[in-house]
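Right, one structure below, let's go through it.
The values are calculated or read from the model by the stated rules, or taken from the named source; none is laboratory data. All values reported here derive from a predicted model rather than from experimental measurement. Please note: Cβ atoms are built from the backbone with ideal geometry, for glycine as well, and neighbour counts cover all protein chains shown. Surface areas here come from the heavy atoms of the whole protein model, side chains and all, with no ligands, DNA or RNA. Shrake-Rupley method; radii C 1.70, N 1.55, O 1.52, S 1.80 Å.
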Amino acid sequence: MEEFDIKMLKEFLSADEVIVRFQRENYGTTEYIDHTVTPEERQAITDVLNAYNLMCSVSPEVLHKALA
């Protein structure tokens, strides 16, 4: 993950409500789909950030063993 990604995910977690807007082109028309992040998705984001932080804090040897 890049620092931008981590910052964005942390901002998600600190917000009262998060609405993600997806955009797609459909036969020349732009469509938008809004999605409100659920409590379960917030927990998943927290879990990913915790795992990422843990992976960054261990030695390369320990990380290699954990991923094997």
Within the range 1-30, residues being more than 16 Å from Asn53 (Cβ to Cβ) and open to solvent by less than 60 Å² (accessible area, probe 1.4 Å) number 5
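Could you list all residues from the range 33-47 that are closer than 11 Å to Lys10 by Cα and either loosely packed, with under 11 Cβ neighbours inside 10 Å or among the hydrophobic types (A, V, I, L, M, F, W, C) (or both)?
Restricting attention to the range 33-47, the residues satisfying the condition of being closer than 11 Å to Lys10 by Cα are 42, 45-46.
Scanning the range 33-47 gives a single hit, Ile45.
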Does at least one position in the range 25-37 carry a residue that is of a type outside the set (A, V, I, L, M) and either closer than 22 Å to Met1 by Cα or part of a helix (DSSP H, G or I) (or both)? no
For residues that are under 23 Å from Met8 (Cβ atoms) and aliphatic (A, V, I, L, M), scanning just the range 48-68, find the one that is surrounded by the most Cβ atoms within 10 Å (Cβ to Cβ). Leu49
